[in-house]
Amino acid sequence: MISIEDIMYISEMCKLKFTEDEAKKIIEEFTEIINCVDKLGEVNTENVAPTYFINYNMQLLREDVVEEGLSKEDALRNAPEEQYGYFKLLNVMD
Amino acid sequence: MDIINLTAMDMREKLKNKEISARDIVEAHIDRLQKMEEDLNAFITISKEEALNAADIIDEKIKKGEKLGPLAGIPIGVKDNIITKDIKTTCGSKMLENFIPPYESTVVEKIKKADGIILGKTNMDEFAMGSSTETSYFGITKNPIDTQRVPGGSSGGSAAAVRAKEVAIALGSDTGGSIRQPASFCGVVGLKPTYGLVSRYGLVSLANSLDQIGTLGRNVTDVALLLNAIVGYDEKDSTSVNMDIIDYIEGLSEDVKGMRIGVPKEYLNLNMDERVKEQILNSIEIFKNMGAVVEEISLPHIEYALATYYIISTAEISSNMARFDGIRYGYRAKDYETLDELYINSRSEAFGEEVKRRIMFGTYSLSKDNNEKIYKKAAKVRTIIKEDFDKIFEDYDIILSPTSPSLPFRIGERIEEPLAMYKSDIFTVPINLTGICAISIPCGYVEGLPVGLQIIGDKFEELKVLRLARAFEKHVSLGGENIGL
């Protein structure tokens, strides 16, 4: 059974926040989903390899040559806040 | 001549023969769009000026006698999670409400190179999470057949726009049925190609091992025409497959006599609307009459596909959504005092309920205590489901099933019941888990509402799937110009 503390802990990892009422609703939904997920326990997966990707392509490396990327202007075009040509953030060190 | 009633193929031909101009085509569709959008809300952004400019360039090419691309003059809708350079790409989310990409997705680059005209960006469930296009930050899209009902999702905007003749063809993305299910609900044709056939570069990822860009149209030939333009190896996408290019139009009309079709007994035993089932059984008889060999088959682990899909997709979603932090692009909260608060407030204010729910469950299933029990277990069951399909395709060309277990449901009917909503994808998710291809085509109507038939093929067997779909469409006359509103 999942507790409110569990939900709050997961939300911290997800960088999301919920009120206690919202957390209670999430518990209900989680319980329903977990019951459905528990069904997988019926399948015998002993000695079965997991499939994480369908295509196992060779990862090609490009030549180590300088290529043009996004310009500074383009990279900053969608930034919510920028200053002196950088993404603006709060001070993280005094 | 009523241009909007033409198929994409016909538009191209009439343009080539100088019966109409590209500007005529674009203007006719913009008129239609302006009339329909008040009711439908199938588009988030309409790129009228860009479309008219593109049309003028094509008309100039014709004047000069230059060679035209295969999509010349055809108006196309692009789902709003596919990156379009200099045109807003929102993913249906407040998070990306003002995002204007500085680069182009490969598929859009290919469409432009083929002289296709992008008319706008279509509405979708937020970050493609949903089966009804009700979770979009930009409002619900309505089903053109019955505006009280959902168009399906998450490519509901693309399916509705095609059905309502706002565009001739459209791009969608399909992670668990997001092209096929809305195609079924809107009575159009929707194809999810094999994983790796079409580049995913510039598709805003939902679940990387499942997502695939695909095509929607009012008939099978139009769907094949757009597919032809967007396939091919792309070095920018590490999952793209390097193989010979097939022409999906050539050979489309070949005979289907002798094709071996399997119908999974588990599918027909599932809980579904009896009226849907009846239409599917009728369709099976049609295939028999066309000379195909239809037999009952078994996919013994199919009942576990939905739970497997949910675990794998949410796990991938939770890591994909981590990129939205309010720093480099996207929404940033106004009130915060610490860096942590900046992240938390931005994400909490800009993500909708369904997105948060999936991030939470994905994080839960990947956590140290659950990783082995939930995520790794699902990845193993995925292997078993894939092996079931592989085995069937040793003996059969095609597998048939319904696309959705129900008819298009009413707006608001399932939004408070996530599990009921997920079940709309019960027939479509196994295809994404196994990376194979499938199409949904209209196979009949129940009280005026369309039923979709899913035709499933093995990896890279799109031509077989399209051929069978084309033969069926011809037989029942439900495609193309016969579906007029």
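The values are calculated or read from the model by the stated rules, or taken from the named source; none is laboratory data. The structure presented is a predicted model; accordingly, all values stated were derived computationally and were not measured. Reconstructed Cβ throughout: ideal geometry from the backbone, glycine too, with neighbour counts over all protein chains shown. For accessibility, only protein heavy atoms count, side chains too; no ligands or nucleic acids. Shrake-Rupley method; radii C 1.70, N 1.55, O 1.52, S 1.80 Å.
Just a few scattered comments:
- Residues of segment A:63-94 satisfying the condition of being open to solvent by 100 Å² or more (accessible area, probe 1.4 Å), in a loop (DSSP other than H, G, I, E, B) and more than 8 Å from chain B (Cβ to nearest Cβ): A:Glu63, A:Asp64, A:Val66, A:Glu67, A:Glu68, A:Tyr84, A:Asn91, A:Met93, A:Asp94
- Any hit, segment B:120-142, residues being among the β-branched types (Val, Ile, Thr), outside any strand (DSSP E or B), within 14 Å of another protein chain (Cβ to nearest Cβ) and touching a Leu at 6+ places or on another chain (Cβ under 9 Å): no
- Of the criteria (1) over 24 Å from B:Thr90 (Cα atoms); (2) in contact (Cβ under 8 Å) with a residue 24 or more places away in the chain; (3) acidic (Asp, Glu), which one B:Glu316 fails: (1)
- When residues of segment B:195-211 are limited to those that are within 20 Å of B:Lys85 (Cα to Cα) and either touching a Pro at 6+ places or on another chain (Cβ under 9 Å) or among the charged types (D, E, K, R) (or both), the one most open to solvent (accessible area, probe 1.4 Å): B:Arg200
- Condition check for A:Pro50: facing another protein chain (nearest Cβ under 8 Å), under 30 Å from B:Lys386 (Cα atoms) and assigned to a loop (DSSP other than H, G, I, E, B): yes
- Hits in segment A:2-16 - residues which are of a type in the set (A, V, I, L, M, F, W, C) and either loosely packed, with under 13 Cβ neighbours inside 10 Å or within 7 Å of another protein chain (Cβ to nearest Cβ) (or both): A:Ile10, A:Met13, A:Cys14, A:Leu16
- Meets criteria (buried (at least 24 other Cβ atoms within 10 Å of the Cβ) and either more than 14 Å from chain A (Cβ to nearest Cβ) or more than 18 Å from the chain's Cα centre (by Cα) (or both)) for B:Ser406: no
- Residue count for segment B:284-331 under the criterion of being small (Gly, Ala, Ser), in a helix (DSSP H, G or I) and farther than 30 Å from A:Lys72 by Cα: the result is 4.
- Per the listing A:Thr31, A:Thr19, A:Thr45, the residue uniquely among the β-branched types (Val, Ile, Thr), more than 7 Å from chain B (Cβ to nearest Cβ), farther than 19 Å from B:Pro418 by Cα and free of Cβ contacts under 8 Å to residues at least 40 places away in the same chain is A:Thr19.
- Contacts under 7 angstrom Cβ, first residue in segment B:337-353 being at the interface with chain A (Cβ under 7 Å from one of its Cβ atoms) and open to solvent by 20 Å² or more (accessible area, probe 1.4 Å), partner in a loop (DSSP other than H, G, I, E, B) and of a type outside the set (A, V, I, L, M, F, W, C), 6 or more apart: B:Tyr343/A:Lys15; B:Tyr343/B:Asp325; B:Tyr343/B:Gly326; B:Ile344/A:Lys15; B:Ile344/A:Lys17
- Considering the conditions (1) small (Gly, Ala, Ser); (2) touching a Lys or Arg at 6+ places or on another chain (Cβ under 9 Å); (3) closer than 21 Å to B:Glu394 by Cβ, B:Ser253 is excluded by exactly one of them, (3).
- B:Gly326 buried (at least 17 other Cβ atoms within 10 Å of the Cβ) and within 11 Å of chain A (Cβ to nearest Cβ): yes
- Cβ-Cβ distances below 8 Å connect the following pairs, each with a first residue in segment B:280-309 that is within 14 Å of chain A (Cβ to nearest Cβ) and under 19 Å from B:Thr428 (Cβ atoms), a second residue that is open to solvent by 30 Å² or more (accessible area, probe 1.4 Å) and of a type in the set (Val, Ile, Thr), and a separation of six or more residues or different chains: B:Ala305/B:Ile426; B:Leu306/B:Ile426.
- Residue within segment B:230-248 that is touching a residue at least 40 places away in the same chain (Cβ under 8 Å) and part of a helix (DSSP H, G or I) present: yes
- When B:Met421 is tested against the conditions (1) surrounded by fewer than 24 Cβ atoms within 10 Å (Cβ to Cβ); (2) at pLDDT 95 or above, the lone failure is (2).
- Contact annotation: residue pairs with Cβ atoms under 8 Å, 6 or more positions apart or on different chains, pairing a residue in segment B:363-377 that is facing chain A (nearest Cβ under 8 Å) and more than 16 Å from A:Tyr52 (Cβ to Cβ) with a partner that is open to solvent by less than 30 Å² (accessible area, probe 1.4 Å) and of a type outside the set (A, V, I, L, M, F, W, C), are B:Thr363/B:Ser318; B:Tyr364/B:Asn370.
- Looking only at segment A:47-62, residues that are touching a Gly at 6+ places or on another chain (Cβ under 7 Å) and exposed (fewer than 10 other Cβ atoms within 10 Å of the Cβ) come to 0 in all.
- Segment B:212-238, subset of a type in the set (Val, Ile, Thr) and touching a helix residue (DSSP H, G or I) at 6+ places or on another chain (Cβ under 6 Å), residue nearest to the other protein chains (Cβ to nearest Cβ): B:Ile213
- When B:Ala55, B:Ala51 are screened for being within 28 Å of B:Asp125 (Cα to Cα), in contact (Cβ under 8 Å) with a residue 12 or more places away in the chain and either among the aliphatic types (A, V, I, L, M) or part of a helix (DSSP H, G or I) (or both), only B:Ala51 passes.
- Breaking point among (1) at pLDDT below 95; (2) crowded, with 22+ Cβ neighbours inside 10 Å, for B:Ile230: (1)
- Scope segment B:10-48; condition farther than 28 Å from B:Gly139 by Cα, open to solvent by 40 Å² or more (accessible area, probe 1.4 Å) and touching a residue at least 40 places away in the same chain (Cβ under 8 Å); matching residues: B:Lys16, B:Lys18
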